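Below: the structure, in structure tokens.
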Amino acid sequence: MKKNSKLYILKVALSYDKKIWRRIEILGEQDLDLLHEVIFEAFDRFDPHVYSFYLTAPGSKARNRFIHAEEYTHPAAIEDSLGFSQKKMHDASQTEISALGLKAKDKFEYLFDFGDEWLHEITVEKILDLFPKKDYPLISKTNGESPPQYPEYDEEDSSLYNETDVDTMRRENSMILDVFRSYLESRNLSEKTVNKHCSNVEFYINEFLLYEELLGPGDGVREVGSFLGDWFIRKAMWASVTSIKENITSLKHFYTFLSLLGEIEEHELAEMKKLIKESKADWIETLQKYDDPNVSMDDIW
């Protein structure tokens, strides 16, 4: 423990139900990745996912607050950035709590799992100079029962959701992504561009296609409209005109690649490209309406 250590008392509440919260005590010299791990434990989660902490503007509720906020994310997401970052992101594992410049009563936000979007509000309750010597970080108080990580599925009904099946599919997806990366590299694309396309496709096949049912990458050629015209807009907090255009390009590359492998039919690829051409403007208009607080959700879809 450092000589001038400070203890941060944090209240971590679910944004959609602030009656469910956990009080966490963590030292200033401990990092944000460790804070993520203790929050993961505090809410009884079992399946790891990428996360980010956001220093959002006080009182802001607009979705684009995440685009403009300082972001501290999972180390593995720094290079990939999941296709949505036009800004510099910081490595949570290399960022001490004290480096954030927080004061008592300050608030910031934590997003776990970019697919299911578990959003939390973190309030700095106290910052102490004198405190007991304990094994920090620790969970000092809980309020409310932890919701199931995957509430859509009955844990006893393995026919609906089987962790082993999901893990198997993600391993298979990983192998496909490795070959896809090699395909992109053979086209003399820059490393940054290759990483961007792989990140977008990884999110599509590992988050969207596995969200409600287990769909393989080939099946996804018929789901692009549902993704870019609806799910991505509603579920991805980083959704923007730029990110929609980037995902369109990435998915075109990916399904051209699968067509060359014989994983999808040529007519399926042609139908997907036709859909994109005809629907792109509508998807962007839907996004802009969704982000407009003056537009009712009933007037969007």
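Key figures for this structure:
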| read-out | value |
| --- | --- |
| Residues satisfying the stated conditions in the range 212-234, i.e. under 18 Å from the mean Cα position of the chain (by Cα) and either within 20 Å of L275 (Cβ to Cβ) or not assigned by TED's automatic domain parsing to the domain that holds V179 (or both) | F227, L228, D230, W231, F232, I233, R234 |
| From A62, A42, A57, residue being among the small types (G, A, S), modelled with pLDDT of 90 or more, over 13 Å from the mean Cα position of the chain (by Cα) and assigned by TED's automatic domain parsing to the domain that holds L130 | A42 |
| Subset of the range 87-101 (residues that are touching a residue at least 40 places away in the same chain (Cβ under 8 Å) and more than 29 Å from D47 (Cβ to Cβ)) | S98 |
| S199 being within 15 Å of S250 (Cβ to Cβ), surrounded by 17 or more Cβ atoms within 10 Å (Cβ to Cβ), of a type in the set (S, T, N, Q) and at pLDDT below 95 | yes |
| Subset of the range 236-245 (residues that are in contact (Cβ under 8 Å) with a residue 60 or more places away in the chain and touching a helix residue (DSSP H, G or I) at 6+ places or on another chain (Cβ under 8 Å)) | A236, M237, W238, A239, S240, S243 |
| Every pair of residues 6+ apart whose Cβ atoms lie under 7 Å, when the first sits in the range 104-117 and is free of Cβ contacts under 8 Å to residues at least 60 places away in the same chain while the second is in a strand (DSSP E or B) and of a type in the set (V, I, T) | A104/V124; A104/I127; K105/V124; D106/V124; K107/I122; K107/T123; F108/I122 |
| Test set (1) crowded, with 16+ Cβ neighbours inside 10 Å; (2) at pLDDT below 90 - E79 fails condition number | (1) |
| Those residues of the range 22-52 which are in contact with a helix residue (DSSP H, G or I) (Cβ under 9 Å, 6 or more places away or on another chain), closer than 26 Å to E207 by Cα and of a type in the set (A, V, I, L, M, F, W, C), in sequence order | L32, L34, L35, F46, V50 |
| Selection from the range 7-35 of residues that are crowded, with 17+ Cβ neighbours inside 10 Å and not hydrophobic (A, V, I, L, M, F, W, C) | Y8, K11, R22, R23, E25, G28, Q30, D31, D33 |
| Of all residues making up the range 193-241, the number that are among the β-branched types (V, I, T) and closer than 15 Å to L287 by Cα | 2 |
| Checklist (1) surrounded by 21 or more Cβ atoms within 10 Å (Cβ to Cβ); (2) outside any helix (DSSP H, G or I) applied to M237, failing item | (1) |
| Residue count, the range 125-135 (criterion: surrounded by 10 or more Cβ atoms within 10 Å (Cβ to Cβ) and within 18 Å of A104 (Cβ to Cβ)) | 5 |
| L214 outside any helix (DSSP H, G or I), hydrophobic (A, V, I, L, M, F, W, C) and surrounded by fewer than 19 Cβ atoms within 10 Å (Cβ to Cβ) | yes |
| Residue among S93, S98, S5 that is of a type in the set (S, T, Y) and closer than 30 Å to V194 by Cβ | S93 |
| Inter-residue pairs, beta-carbon under 9 Å, first on the phi < 0 side of the Ramachandran plot and in the range 21-47, second assigned to a helix (DSSP H, G or I) and at pLDDT below 95, 6+ apart | F46/E163; D47/E163; D47/V166 |
| Meets criteria (in contact with a Phe, Trp or Tyr (Cβ under 7 Å, 6 or more places away or on another chain) and either under 24 Å from D47 (Cβ atoms) or touching a residue at least 40 places away in the same chain (Cβ under 8 Å) (or both)) for F232 | no |
| Selection within the range 249-298 - among the hydrophobic types (A, V, I, L, M, F, W, C) and not in a helix (DSSP H, G or I) | I264, V295 |
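Condition check ((1) touching a Phe, Trp or Tyr at 6+ places or on another chain (Cβ under 7 Å); (2) within 26 Å of D113 (Cβ to Cβ); (3) modelled with pLDDT of 95 or more) across all residues:
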residue: M237; (1), (2), (3): yes, yes, no
residue: S259; (1), (2), (3): no, no, yes
residue: A281; (1), (2), (3): no, no, yes
residue: E285; (1), (2), (3): no, no, no
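The values are calculated or read from the model by the stated rules, or taken from the named source; none is laboratory data. Source: prediction; values computed, not measured. Neighbour counts are summed over all protein chains in view; Cβ atoms, including those assigned to glycine, are modelled from backbone coordinates with ideal geometry.
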